[in-house]
Amino acid sequence: MEIGQIRGSEICLRHRHGHGNLRRSFGISMSTTPTLSTKSENRMFILGMGFVGQTLARKLQNQGWVVSGTCTTHVKKKKLEDMGFHVHLFDANYPDLSILQLLRNYTHFLVSVPPVVGIGDPMLQHEELIRSYLVNGDLRWLCYLSSTSVYGDCDGELVDEDYPTIPENELAKLRLTSEQGWSSLAHHLRFSPLIFRLGGIYGPGRSAVDTIIKQKPLSEGQKRRKHQKYTSRVHVEDICQALMATIYATSSSRVVYNIVDDDPAPREEVFEYARKLVEKKWPDFNLQPLEQKEWLLVKTRNGRGEKRVSNARIKNELGVELLYPDYRSGLQSIIDQQIESPFDSYHIGQMPL
C-alpha cells in the first residue's frame, strides 16, 4: 500500500451557530494519508471507525488495501492514528464537502454509524448531496451495518431474513429507515446494497469476560436483557469474515444477511460461563458478587425482543464457517489471549473508576 505525506492540511467542518453555519478549519497533520490512484484496485472507506471498523480495517490493510475512516473527536482521531489507521475528523450532521469529494474515489463503503433518536441517520439527512458527489464515482460496494432489533419481538420464533420487520422502539424503527435509505442510495448508484443485521457484538476488550474482570456494573441495556430467553450475539471476527465474503464474492443477488452465531443463549448463562473462566484462570482474583438488585429485575421488553435469529444464509450462500459458533468458543478464545493478569490493572475487590 502506497503511503503519502500530507502536513498541515486543513479539514473544514461546518458548525451551526446562531442563525447560520460557520466554516471552521483545523490544522491537522495526517502522516498516513493513503495515496489514491488507479493502481490502488481496492479502496475501502469506513464511516464510523468503531469496534467493527477497526477490526476490518486492520485485515484489509494487511491484504494491501487502501483504507480510510472517520471518527467524531480529536481524542479518538489521535488514538486511531497511533494505532496506524488513517482517519478523518467528520461530523455527519455537517459533512465536510472535501471528504465527500474524496469518498467518490473509493471502491468500497462501509457504513457503521447508528441512527440518532430525534434525528435519524445523520448522513442520510444529506442524501441528495451524497448522491451528487458519488454518482459516476468509483464506488461499487456499499454495506450498512444494521441490527436484528428491526425484527422486533417474535415470541421466540426462528427468524430468517425474509421474516417481517416489526421494530418496537424508536431506535429500531430508525434502523429500518436507515436500511431503506442506504439501499435507495446504492440503487441510485446502480449497484445492489448489502444490509448486515448484527446480533450483539463482542470480542477482545468488549465481552462478558472483560466485564467480569473489570467488575463494572451492568448497563441499563444489560439489565433489561437479563431475563430474555434468547439473545443473539456474534464475535467481531465473524462479522469481518462475513464482510470479506461479500467483498470477494463474484456475485450475490441477496441484499440482507443476518450475522449471528449458532447459539442464542440467555445473557445470564453467558456471564456465568465468563465468570467460571476468569475464576479458573486466576483463582486468586477476588471477584465481587453481582448485587442481587442488578439481576432481580422486572421483565421488560427492549428493542431486540424475543427471537431466535437464523444465520443459515451466510453459511449456505456465502460459504461462511463461523470461527466462534457459540459464546463458549468465543469467550474461551478471549480469555486465552489475556496475557496480563487482572492484578496488573485493578486492585482486588475495588471497582475501577
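All of the numbers you see were taken from the coordinates with simple rules; none came from a lab. Predicted model only: the values in this text are computed from it and were never measured. Here the Cβ is made from the backbone with ideal geometry for all residues, glycine too, and neighbour counts use every protein chain on show.
Odds and ends about this structure:
- Q180 versus Q337: modelled label distance in nm, points set 7 Å from Cα along the beta carbon direction: 3.8 nm
- Average projection area in nm² (convex hull over Cα atoms of the stretch 44-184, one quarter of hull surface): 9.7 nm²
- Set of the stretch 252-267 residues, backbone N closer than 20 Å to the point 7 Å along the Cα-Cβ line of N316: 252-264
- The aspartates and glutamates whose alpha-carbon is closer than 20 Å to the alpha-carbon of K77, local same-chain residues fewer than 8 away aside, are E10, D91, D96.
- Quotient of the Cα radius of gyration of the stretch 108-235 and 2.2 N^0.38 Å, N being its number of residues: 1.22.
- In straight-distance terms, cross-link reach from K59 covers every one of the aspartates and glutamates whose alpha-carbon lies under 19 Å from its own, apart from those fewer than eight places away in the same chain; here that gives E2, E41, E81, D82, E237, D238, E321.
- Applying a threshold of 24 Å to the alpha-carbon distances of K173/K315; K173/K307; K214/K276; K214/K280; K76/K214; K79/K173 flags K173/K315; K79/K173 as lying beyond it.
- Here the spin labels are modelled as points 7 Å beyond Cα on the Cα-Cβ line, and at K214 and F191 they lie 3.6 nm apart.
- Averaged over residues, the count of other Cβ atoms within 10 Å places the peptides 176-183, 119-126, 106-113, 278-285 in the sequence 106-113, 176-183, 119-126, 278-285, highest first.
- Unit Cα scatterers, Debye sum, the stretch 111-174: log10 I(q)/I(0) for q = 0.14, 0.21 Å⁻¹: -0.57, -0.96
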